[in-house]
1. Going by alpha carbons, how many degrees (0 to 90, nearest 10) lie between the helix axis of 75-88 and the longest principal axis of the chain?
2. Extending each Cα 7 Å along its Cβ direction at residue 338 and residue 232, get the distance between those two points in nm, one decimal.
3. Rounded if a/c is under 1.5, else prolate if a/b is larger than b/c, else oblate: which is the stretch 158-344, with a ≥ b ≥ c the root eigenvalues of its Cα gyration tensor?
4. Past 28 Å, Cα to Cα: identify those pairs from 193/318; 76/359; 120/185; 120/358; 76/130; 80/130, in the order given.
5. Would you work out which of 48, 81, 69 lies farthest towards the positive end of the dipole of the stretch 47-126? Charges go on Cβ: Lys and Arg +1, Asp and Glu -1.
6. Applying a 10 Å radius around every beta-carbon, put 307-318, 17-28 in order of their mean neighbour count, most first.
7. So how do 72-84, 224-236, 252-264 stack up, highest first, on mean other-Cβ count within 10 Å?
8. With +1 on the Cβ of every Lys and Arg and -1 on the Cβ of every Asp and Glu, and nothing else charged, how large is the dipole of the chain about its Cα centre, in debye rounded to the nearest 20?
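What follows draws every value from the coordinates through simple rules; no lab data is involved. Quick caveat: nothing in here was measured; it's all calculated off a predicted structure. Cβ coordinates were reconstructed from backbone atoms using ideal geometry, including for glycine residues, and neighbour counts include every protein chain displayed.
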Amino acid sequence: MLIYDDYFPNVLSAFRVAEFNYYLANLNCDIVSAQPNFDTLKEEYLSFYPQNRDRLKRFVAETALNYRLLYVVFLKNAFKLLPIIEREEIPFIFTLYPGGEFLFYDIISDSRVLRLTNSKFFKRMIVTQKITYNYLLRNGLCPPEKIEYIYGAVIPAELYNRFSIPHRYYGQDKATFDICFVAMKYMAEGRDKGYDVFLEVAKVLARLSPLFRFHVVGGFGAQDIDVTSLADRITFYGHQPTSFFPEFYAGMDITLSPNIPFVLMPGTFDGFPTGACSEAALCGVAVFCTDLLNENEEFTPGEDICIIPGEVEGIVGKIIPYFNEPSALHRLAKAGQRRFREIYGTQRQLVPRLKLFKKYLG
């Protein structure tokens, strides 16, 4: 099997590393990458996973591809590669994750999906959100028998499970109440991810108690939105690899994700919960996130997750009761950790994918 990607082997993409490494360990497969900084990123990746040195190559469009099956993630990658797939006559499977130029009610996006699913080399589409599944069927973009529905996403769950860093909870192990925001930056002020809302929430909470602390990981910094009123109570960490997070999350009480669909551009949306929320939950952090598209089908609000509204006052109203009753927050976080482990573990996520690939590899 051959895996094609345009971002791997960047170790900042935790889900790619987790998913692709699993296939490398369990299948006879190689990876070709169109990543512009391939050589530099390959060496960084190999410093963590030296066993894969001979399985990773730079993509060259003119090279003959002698493989029995090809796998791609994201619509843009699958569509970009389709002419080569058809030239080489390789059966293919792709995952239609949210993002990657897949948009709701967009003529170009729909036509690309249809072009892929009408190819005689198309075998299966893996779909991870029920809202995506329903959209495909409602608009006649893919026959139901060609859709493999696996809720959630691949994240480095087993890696987080192996770490035994004791969690430090507010009111039990530390005096501060620490709230983090973890996301990539795709637009000014991070409005699609709710970074602007996060900061407004932070400013309100900071006025209510000196015990609140705020932490930002990703492409955001003090220059994006004025944070002078938060002074030394907010910390920016920049982009970080997966290895950074177990220790970081061990000191967090809440991960806050007030993301909003259709803001980055019409038709764009995030999966639920986001990958960042899922990784935080696996480390024992309580997840407070929006679900404006009603994507939730696996979690029980108030028991293992806290669903928040998109506006500041409502979010503050969700946080304060847990600030006043830390034991309730501890229960929420621990129940969330158990539930996320069930949903994002290897048996639920990677084993079904591996079984699918083996079916077509023979």
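1. 10
2. 4.0
3. Note, shape of the stretch 158-344 comes out rounded.
4. As for pairs spanning more than 28 Å Cα to Cα, those are 120/185.
5. 48
6. Averaged packing, sorted descending, gives the order 17-28, 307-318.
7. Descending packing order for the listed peptides: 252-264, 72-84, 224-236.
8. 1040
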